[in-house]
């Protein structure tokens, strides 16, 4: 019976250290996170919807593209908020796009804007559960997209659509501590005693 328990313990340790320690074998046991606050699943979907918005469209038709007052990651701006974003010299000289000038001339009672700020990220850890658990080596991979846009409306019609800013996110972060959990003890010791 004692040999049987040792054998099971040895199998468990082997699976934990080697099976979970393989490059992808143990990734299912590592933490992951996702931020999903968008009506668009991908950057391409966001771009296609945003590029279909044209000057002259009525505000109600924007809802078909996921843009409406109270929508996810949609902020409604008043006339003054947009006016303060513009370079003062360009407004004075009237050297900006006609749609923006129409917005400025309309004033607060007839003008509003939709500011779109979307950040969609999925993060997951890769590698060995053992090395990650004891903080020797941690690798985090993050994918997703960022999308920012601005739509100006005058009298409930689109007067200007700012070219969108953003792009795909694909980044990796590697954190290596040769001493693992003992790596930060020196700092803690120093703070406590000195």
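The values are calculated or read from the model by the stated rules, or taken from the named source; none is laboratory data. Note that this is a predicted model, so its numbers are computed, not measured. All Cβ positions, even for glycine, are placed from backbone atoms using ideal geometry, and neighbour counts span all protein chains on display.
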Practice item. Inspect all residues belonging to region 28-35 and state whether any of them is part of a helix (DSSP H, G or I) and at pLDDT below 80. Key: yes
Review point. Does residue 146 satisfy the criteria of being in contact with a helix residue (DSSP H, G or I) (Cβ under 9 Å, 6 or more places away or on another chain) and surrounded by fewer than 19 Cβ atoms within 10 Å (Cβ to Cβ)?
Key: yes
Exercise for review: Only residues that are in a loop (DSSP other than H, G, I, E, B) and within 32 Å of the chain's Cα centre (by Cα): list them for region 97-114, please.
Suggested key: 97, 108
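Among the residues of region 48-96, what is the count of those that are part of a loop (DSSP other than H, G, I, E, B) and modelled with pLDDT of 90 or more? Walk me through it before giving the result.
First, pick out the residues of region 48-96 that are part of a loop (DSSP other than H, G, I, E, B): 52-57, 66-73, 78, 86-87, 94-96.
Next cut, modelled with pLDDT of 90 or more only: 52-57, 78.
Residues flagged as part of a loop (DSSP other than H, G, I, E, B) and modelled with pLDDT of 90 or more within region 48-96 amount to 7.
Of the residues 76, 82, which is out of contact with any helix residue (DSSP H, G or I) (no Cβ under 6 Å at 6 or more places or on another chain), touching a residue at least 60 places away in the same chain (Cβ under 8 Å), surrounded by 14 or more Cβ atoms within 10 Å (Cβ to Cβ) and under 13 Å from residue 149 (Cα atoms)?
On the way: 76 fails: touching a residue at least 60 places away in the same chain (Cβ under 8 Å).
Result of the check over 76, 82: 82.
Assess whether residue 124 counts as being free of Cβ contacts under 8 Å to residues at least 24 places away in the same chain, surrounded by 14 or more Cβ atoms within 10 Å (Cβ to Cβ) and under 25 Å from residue 41 (Cα atoms).
On the way: free of Cβ contacts under 8 Å to residues at least 24 places away in the same chain: no; surrounded by 14 or more Cβ atoms within 10 Å (Cβ to Cβ): yes; under 25 Å from residue 41 (Cα atoms): yes.
No: the conditions fail for residue 124.
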